[in-house]
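What follows is calculated from the coordinates using simple rules that are stated; it is not laboratory data. Being a predicted model, the structure only gives us computed values, none of them experimental. Because the Cβ atoms are built from the backbone with ideal geometry, glycine has one as well, and the counts that use them run over all protein chains shown.
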Amino acid sequence: LLDEIELLTIPDRPVDKPFRLAAVDRYGIPGVGGVVVGTVVSGRVRPGTDLQLCPHNVSPSSTHVLTCWGIERHWIPTDEATAGDYVGIKVTPSRRTPFPKGTVCSAAGRNSGPPAKLADTFEAELIVVDEHKGRLQVGCTSVVQRFGAHVPCKLEQLKSKMDKQSGKEIESEPRFLVAGDRAIVVLRPLKPLCVEKESEYPRLGRFVMYDHRELVAVGLVKDVTSVDAEK
């Protein structure tokens, strides 16, 4: 077994992309202050970096900036966290602020790359699971779960149905989807949600859909239309 473990290769991590951290929670620890806990999806972060939260539920298009002053990996202080690390980031200001589950942290600043943004709508490739007994049609609402976020999303458009094996389009604008169907759809979040293209940030572009706690479909985000921050 040890010989087989030695043969395992470390996967490539997207350390050269803009920083993204999929946060699972934020804690207030006496004597320490605020700590944001989550997985670094891409890029790297060091103490002194300003972090922008998305979403931050003051208003649908608002953001909130914190400053990283310390990083711990498995309770051990470190000078840097990179893609793949599960870390706790000590932040200021330390006061408790609204922090929805599924919040995405990105680096703020001109040289940090584009920050994470809220999705107004997003186009996705969807596969309806074989066990689903109902139909998916325009107007129905299901809960989208993406890395800690649980947000109801409305099915706004059925763009095309594809062959399950080849991925070629076999029907344009189908009336509904049933178990086993593969399709391109457009979803609209009914509450603040941050998603990214799966091709750019895989862990932030994969999701599952539930209805009444039953699995309905799995999906990949193909494109995102962001909320206009000036609205």
- For residue 131 and residue 50, calculate 0.36 nm times their separation in residues minus their Cα-Cα distance, and state this gained length in nm to one decimal. 24.7 nm
- Sequence ranges 152-163, 191-202, ranked by mean other-Cβ count within 10 angstrom, highest first: 191-202, 152-163
- Query: Do you know the relative contact order of the chain, to the nearest whole percent, from alpha carbon pairs under 8 angstrom that are 6+ apart?
  - Reply: 20 percent
- Note the full-extension length gain between residue 173 and residue 7 as 0.36 nm times their separation in residues minus their Cα-Cα distance, in nm to one decimal. 55.0 nm
- Query: For the residue pair residue 32 and residue 225, what label-to-label distance in nm results when each label sits 7 Å from Cα along the Cα-to-beta-carbon direction?
  - Reply: 4.2 nm
- Over region 74-183, the quotient of the Cα radius of gyration and 2.2 N^0.38 Å is 1.50
- The ³J(HN,Hα) series, computed from each phi in region 4-16 with the Karplus coefficients 6.51, -1.76 and 1.60 at θ = phi - 60°, rounded to the nearest Hz and given as x for glycine or proline, is 5, 5, 5, 7, 5, 9, 6, x, 5, 10, x, 6, 8
- Task: Mind checking the full-extension length gain between residue 197 and residue 110? Use 0.36 nm per residue of separation minus the Cα-Cα distance, one decimal, nm.
- Result: 29.2 nm
- Message: Apply the a/c threshold of 1.5 to the C-alpha gyration tensor of region 1-134 and tell me whether it is rounded, prolate or oblate.
- Response: oblate
- Query: residue 217's amide H: which non-local residues (gap 5+, or another chain) put their own amide H closer than 5 Å, with H modeled 1.01 Å from N in plane and none for Pro or chain starts?
  - Reply: 129, 209
- Below 28 Å Cα-Cα, how many Lys pairs turn up in region 157-231? Only count pairs eight or more apart in sequence, or on different chains, if you could. 17
- For residue 193, distant residues with modelled amide H under 5 Å away: 119
- Query: Hey, any idea what Rg/Rh is for region 94-148, computing Rh the Kirkwood way over Cα pairs?
  - Reply: 1.09
- Task: Consider just the alpha-carbon atoms of the chain and return their Rg together with their Dmax, both in angstrom.
- Result: 19.3, 61
- Query: Relative contact order for region 134-193: what is it in percent, counting Cα pairs under 8 Å that are at least 6 residues apart?
  - Reply: 38 percent
- Item | Amide H partners (placed H, <5 Å) of residue 108, local residues excluded | 50, 51, 52
- Task: Please work out the Cα center distance from region 145-205 to region 98-144, rounded to the nearest Å.
- Result: 9 Å
- Message: With θ taken as phi - 60° and the coefficients 6.51, -1.76 and 1.60, list the Karplus ³J(HN,Hα) couplings across region 19-24 in order, rounded to whole Hz; mark glycine and proline as x.
- Response: 5, 9, 10, 8, 7, 9
- Calculated over region 117-156: convex hull of Cα atoms, volume per residue (Å³): 99 Å³
